[in-house]
Amino acid sequence: MAQWDLANADAVLVMGSNMAENHPIAFRFVMQAKEKGAVVMHADPRFTRTSALSDIHAPIRAGSDIAFLGGIIRYILENDLVFKEYAVRYANLATIIDENFIEAARNEGLFSGWNEEKHSYDFDTWQYQGMVIPSALAEHYLDTAESYSEMTKRLHEGPPPDDPTLQHPNCVYQILKRQYADYTPEMVERVTGCPKETFLKVAEALARNSGPDRTAAICYAVGWTHHTTGVQMIRAAAIVQTLLGNIGRPGGGILALRGHTSIQGSTDIPTLYNMLPGYLPQPNAFKPQARHFDQFLDDETIPTGWWHNFPKYITSLLRAWYGDSVGPENEWGYQWLPKIVGDHSQLAMTLAIDDGLIKGMFLLGQNPVIGGSNSKLVERGLGRLDWLVVRDTDEIESANFWRKGHLVQSAERRPEDIGTEIFLMPGELAGEKAGTFTNTHRLIQWHDRVVEGPGDSRSELWFVYHLAKRLKALYANSELERDRPIRNLTLDYRAEGPREEPRADDVLREINGYTWPEKKQVASFKELKADGSTACGCWLYSGVYPEDDDNRARSRIPDGPDGPGTHLGWAFAWPANRRTLYNRASADPDGKPWSERKRLVWWDEAEGKWQSPDEIDFEPEKPPHYRPDWDKKPEGMDALGGDEPFIMMPDGRSQIFSPSGLKDGPLPTHYEPVQSPVRNPLHAQQDSPVAKKWAREDNPLHALGDPRFPHVLTTYRLTEHHSGGTPTRGVPHTAELQPEGFAEIPPELARQIGVRNLDWIVLSTPRGEVETRALVTERLKPFEIDGRHIFQVGMPWHFGWEGYATGDIANVLTAVVGDANSSMHENKALTCDVRAGRIRRSRHRR
Amino acid sequence: MTVNRRTPGKRLRSFLRDWSLPRQMRGESHKGAAARSSASEQLRPRLEEADKVGTSICPYCAVGCAQLFYAKEGQLIHVEGDPRSPINQGTLCPKGAATFSLISNPDRLTKVKYRRPHGTEWEEVPLDWAMDRIAHLTKKTRDETFVETLPDGTQVNHTLSVASLGGATLDNEENYLIKKVFSGGLGMVWIENQARV
Ligand code: SF4
């Protein structure tokens, strides 16, 4: 949902986020909603300014979010508060699941399909009855020897089996009831520490403010993602919102509040290992069907729904990258794409560097010594590289660890012992270079080049372009097959001025896509073809540059005060400038708005098309009463009815139950964090059975109940600093506002260890120790669990030894541990000890 | 501002007549004419001097607040929130409001620093030299570690020994080119950014 759409919500739950402090300008819209009468709620371990501005603050133990959300799901089901017409028609609530499926709640915390030997799940029992449901990007069928695509062909033959009366024992509704039966208000209180009265107020307010006439929104941030169960926390929120009918409607939805300015853009156009631009899968060597392009297409193309267009997008991408050098005769250059052979995420990378597998490295505006988990391990690895290129605006910790880092300070190593050849190169900032950022609600916004960066500062565009030119020259005479991709890679961007700066608009034109070989801009991804007659760098962004002189990202026309408030003229939102995703769901199955108050999209019978002040996220002329003709074995969008709004799903429905795409279960279930001081109160399975633990000597994890680490530790951010701190700790304005590191500890714990406000304390975990100042505060509530009193401690992770605002690095404490689905670390919930004093008497300060 | 060469008496009379505070104390409205003085009459907005104005986006968080950049003779002179933006309507948070300080921070790097293996100090090197050297090292490591097929014959065409980290602070166009050149051109698979941080 667009951030400004929050102002239309009747209730807002902020959870896993301290929105008022970390996304302050977006929080204005929550406040606008509140002024109009909305209930604002904050469920979070810390009492922050977000809590202070909310009507309800529900304090919960770090890492217990699924218990809280599962409690809300149960509350909705038990009190018959489901928005049935929405959830039965637009979601898979009535769908019948394989008869052998067993919920984790009935099976000691493991879903059916657990394979102890492989230590992972088999997914057969998670499918719809008699029907395999694929998911874009799923790694599921790695072990499927025979053609997976054959198994999904039933999607052409008819709709999934369902029971609209919701009585079938294996329909999703009944499964949900069983899975969450134990998540009673009493259990929520026991697991999360939140008083059940407060929990019930939140559940009641969400449900009361949902329905045809009202909508509720949920906002989250890294407080949800930074867990080994982070993906399932978000899934739990999606289930709540689907049951209540809050997706695709004004003031409803889930807003992910992301961190960096273009974190969304760098996910869509991913500098990530497992995807190609536009959420296309990077080929995986261990998928048997990935060996040849035709098999890859067959396997990755989902028979029904929008993803059926996959071949057009991947072929256009290969054309954009390799130009005329590819065609059907050489599989469009498919073999030139490197195949992944496992997890190449940042966590795995940390270990691969330390193990000497990775020898050369580029750090492009990222500071892993501060932001990476298990910071000392990160440092040790950087010191083992042959070479390291650091591009940033300041001398960051990841560039000068060899003379100021922990290893040198503790005399574990001398600079002379560290063999890494290091280049520290000045980078440019927005305003010194032109280009686009994509914000947290998918808005692609252009920034101009107004001045030049100082001295030898250059943009990353300049760096990569000129590096590629040099490499092309070095490989120019190679005859080797393996050097063909770099030799043939297209690089036709105009470079201008004395610095020979490549033009970002040329790159954006390629991202948008054009016809091949004429290079006439395409107006949208609907024009892309699978025959090589179009080239497109990222299908999802198509439409951002629809004509040679029309850069929509630079458009700056907001709606006036009397306008519809969708602001279609302000920049460009992917896909196709749609501001609310799945907005067909804002109308009922017959195409009428659910209510006048929540009107966004409606079917215009006279005109024979959908109408809206937004761009419509649906086929514009498909009538609500369209039904697939199953006798014809329909493909793609033809297989979705006019009342099935979730067009990216193979069955057009929101997946309350997710048959594929997830490695840890088709439904969320509460697991404890990997490093937790308590036993899982809900079932025998303590933590996520598939969590990535990477336990080893330099990344030690302690056993459950280790008395040395009795407290819960959570890390967090401050308004005045940004992530790794590079753009704020060295800038006087922001450094002055928040000048030094600290950790929050509760007064009772402070008394126990004899510490007063601002005294030095030492925090420790099996990975290391940090010293910092104590901020004694009641903001982080201790909780009782099974008769034990457990303290929670919080530490901001921005600080390091560079800049004006300094402090010990919180990530020295954290572990390389990750979510099975996303390889996201778990730095929001771990364990620690706290003692009074300092680590060392004299300490080399900068 | 003009230099005042008058006698103390005249100065006092001029103070009472011209300065805004005495007039406001005499009851004239502080919102109207009495807010002005001969000095303030001559003040001009700094932004009037700008010879270039551009549209920009806050470089910190993903809310995406729009900014206006003002420059004079190639130097940035001011950054402010863009009042037209439906996201921020001219406002900026403490980080966004520090954008000008961030860009014009005198502590910023301006030269390439080089640390040779086992070195104990930074050395300053020319940009061109660094680029050539980095291209050489990239090629060397890639060539030494490139794998075309796995033992079972599966084509992989990758190097597992060169990594790239970062992208969330960069432009879409930059991310695109990083992925295109590093993955599509060189066969690198360790390409990651802050999305998992
Ligand atoms: S001004 Fe603040 S809220 Fe707005 S984008 Fe910048 S950092 Fe985010």
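Against the conditions (1) over 21 Å from A:N8 (Cα atoms); (2) within 16 Å of the ligand (Cβ to nearest atom); (3) more than 14 Å from chain B (Cβ to nearest Cβ), where does A:P45 fall short? Just the number, please.
Just one mismatch for A:P45, condition (2).
Of the residues A:F437, A:F423, which is within 16 Å of the ligand (Cβ to nearest atom), part of a strand (DSSP E or B) and of a type outside the set (V, I, T)?
Only one candidate passes the filter, namely A:F437.
Test A:S262 against the criterion of being open to solvent by less than 10 Å² (accessible area, probe 1.4 Å) and within 16 Å of the ligand (Cβ to nearest atom), and give yes or no.
yes
Looking at region A:11-37, which of the residues that are more than 16 Å from the ligand (Cβ to nearest atom) and open to solvent by less than 10 Å² (accessible area, probe 1.4 Å) is farthest from A:Q675 (Cα to Cα)?
Filtering first and then ranking leaves A:A33.
Looking only at region A:265-301, which residues are buried (at least 23 other Cβ atoms within 10 Å of the Cβ) and in contact with a His (Cβ under 7 Å, 6 or more places away or on another chain)?
Hit for region A:265-301 is A:Y273, nothing else.
Filter region A:783-804 for residues that are assigned to a loop (DSSP other than H, G, I, E, B) and more than 12 Å from every other protein chain (Cβ to nearest Cβ); which is farthest from A:V678 (Cα to Cα)?
The selected residue is A:W801.
Identify the residue in region A:536-565 that is touching a residue at least 24 places away in the same chain (Cβ under 8 Å) and touching a Ser or Thr at 6+ places or on another chain (Cβ under 8 Å) and, among all such residues, is farthest from the other protein chains (Cβ to nearest Cβ).
A:P546
Could you tell me how many of the residues in region B:151-185 are without any contact (Cβ under 8 Å) to a residue 24 or more places away in the chain and either within 7 Å of another protein chain (Cβ to nearest Cβ) or of a type in the set (S, T, Y) (or both)?
Adding up the residues that qualify gives 19.
Can B:R108 be described as over 14 Å from the mean Cα position of the chain (by Cα), more than 9 Å from the ligand (Cβ to nearest atom), more than 23 Å from A:M19 (Cβ to Cβ) and facing chain A (nearest Cβ under 7 Å)?
When the stated conditions are applied, B:R108 does not pass them.
Being surrounded by fewer than 13 Cβ atoms within 10 Å (Cβ to Cβ) and within 18 Å of A:K312 (Cα to Cα) is the filter here, so list the residues in region A:494-517 that pass it.
Once the filter is applied, which keeps residues that are surrounded by fewer than 13 Cβ atoms within 10 Å (Cβ to Cβ) and within 18 Å of A:K312 (Cα to Cα), region A:494-517 yields only A:P517.
Given the conditions (1) more than 7 Å from chain A (Cβ to nearest Cβ); (2) surrounded by fewer than 19 Cβ atoms within 10 Å (Cβ to Cβ); (3) assigned to a strand (DSSP E or B), and given that B:E148 satisfies all but one, which numbered condition is not satisfied?
(1)
Which of the helices (runs of 4 or more DSSP H) found entirely inside region A:321-384 contain at least 3 residues meeting this: modelled with pLDDT of 95 or more and open to solvent by 10 Å² or more (accessible area, probe 1.4 Å)?
A:346-354, A:375-382
Of all residues in region B:28-67, which are touching a helix residue (DSSP H, G or I) at 6+ places or on another chain (Cβ under 9 Å), in a loop (DSSP other than H, G, I, E, B) and away from the ligand (no atom under 16 Å from the Cβ)?
Of everything in region B:28-67, those that are touching a helix residue (DSSP H, G or I) at 6+ places or on another chain (Cβ under 9 Å), in a loop (DSSP other than H, G, I, E, B) and away from the ligand (no atom under 16 Å from the Cβ) turn out to be B:E28, B:S29, B:H30, B:R36, B:S37.
Consider B:A135 carefully, then state whether it is facing chain A (nearest Cβ under 7 Å) and crowded, with 24+ Cβ neighbours inside 10 Å.
Against the criterion (facing chain A (nearest Cβ under 7 Å) and crowded, with 24+ Cβ neighbours inside 10 Å), B:A135 does not qualify.
Give just the number: which of (1) of a type outside the set (F, W, Y); (2) more than 7 Å from chain A (Cβ to nearest Cβ); (3) open to solvent by less than 40 Å² (accessible area, probe 1.4 Å); (4) in a helix (DSSP H, G or I) does B:D143 not satisfy?
The failed condition is (3).
Could you please give the count of residues in region A:169-199 that are under 19 Å from A:A238 (Cα atoms) and open to solvent by 30 Å² or more (accessible area, probe 1.4 Å)?
4
Show the residue pairs that are 6+ apart or on different chains and have beta-carbon atoms under 6 Å apart, the first residue being within region A:414-436 and without any contact (Cβ under 8 Å) to a residue 12 or more places away in the chain, the second being surrounded by fewer than 24 Cβ atoms within 10 Å (Cβ to Cβ).
From region A:414-436, the pairs are A:E416/B:H118.
Where residues in region A:244-259 are within 14 Å of chain B (Cβ to nearest Cβ) and not in a loop (DSSP other than H, G, I, E, B), which of them is surrounded by the most Cβ atoms within 10 Å (Cβ to Cβ)?
A:L255
Given the criterion away from the ligand (no atom under 16 Å from the Cβ) and touching a Pro at 6+ places or on another chain (Cβ under 6 Å), identify the matching residue among B:T120, B:T154.
Result: B:T120 is the single residue among B:T120, B:T154 that is away from the ligand (no atom under 16 Å from the Cβ) and touching a Pro at 6+ places or on another chain (Cβ under 6 Å).
Quick check: is even one residue across region A:230-243 of a type in the set (G, A, S), open to solvent by less than 10 Å² (accessible area, probe 1.4 Å) and within 14 Å of chain B (Cβ to nearest Cβ)?
Yes.
Please state which of the following conditions B:L12 fails to meet, knowing it meets all the rest: (1) open to solvent by 60 Å² or more (accessible area, probe 1.4 Å); (2) within 7 Å of chain A (Cβ to nearest Cβ).
Every listed condition holds for B:L12 apart from (2).
Could you identify the single residue in A:P689, A:P628, A:P624 that is under 25 Å from A:E85 (Cβ atoms), assigned to a loop (DSSP other than H, G, I, E, B) and touching a Ser or Thr at 6+ places or on another chain (Cβ under 9 Å)?
A:P628
So, in region B:110-132, how many residues would count as being among the aromatic types (F, W, Y), assigned to a loop (DSSP other than H, G, I, E, B) and surrounded by fewer than 18 Cβ atoms within 10 Å (Cβ to Cβ)?
Matching residues across region B:110-132 total 0.
Need pairs with beta-carbon distance below 7 Å; first residue at the interface with chain B (Cβ under 10 Å from one of its Cβ atoms) and within region A:712-726, second basic (K, R); sequence gap 6+ or separate chains.
A:E720/B:K95; A:H721/A:R729; A:H722/B:K95
Considering only residues that are farther than 13 Å from A:F199 by Cα and buried (at least 22 other Cβ atoms within 10 Å of the Cβ), which ones fall in region A:49-60?
Listed by number, the residues that qualify are A:T50, A:S54.
Could you give every pair whose Cβ atoms fall below 7 Å, whose first residue belongs to region A:106-119 and is under 16 Å from A:N170 (Cα atoms), and whose second residue is hydroxyl-bearing (S, T, Y) and assigned to a loop (DSSP other than H, G, I, E, B), counting only separations of at least 6 or pairs across chains?
Close Cβ pairs satisfying both conditions: none exist.
Across region B:71-90, what is the number of residues that are open to solvent by less than 50 Å² (accessible area, probe 1.4 Å) and within 15 Å of the ligand (Cβ to nearest atom)?
Summing the residues that are open to solvent by less than 50 Å² (accessible area, probe 1.4 Å) and within 15 Å of the ligand (Cβ to nearest atom) in region B:71-90 gives 8.
Give the number of residues within region A:483-493 that are of a type outside the set (S, T, Y), more than 7 Å from chain B (Cβ to nearest Cβ) and open to solvent by less than 30 Å² (accessible area, probe 1.4 Å).
Selection size over region A:483-493: 2.
Mind listing whichever residues of region A:434-482 are open to solvent by 10 Å² or more (accessible area, probe 1.4 Å), within 29 Å of the chain's Cα centre (by Cα) and of a type in the set (A, V, I, L, M)?
A:A434
The values are calculated or read from the model by the stated rules, or taken from the named source; none is laboratory data. Computed from a prediction, not measured in an experiment: that's the story for all the values here. Note that we place each Cβ from the backbone using ideal geometry, even for glycine, and neighbour counts take in every protein chain shown. We work out accessible area using only protein heavy atoms, side chains counted, and drop any ligands, DNA or RNA first. Shrake-Rupley method; radii C 1.70, N 1.55, O 1.52, S 1.80 Å.
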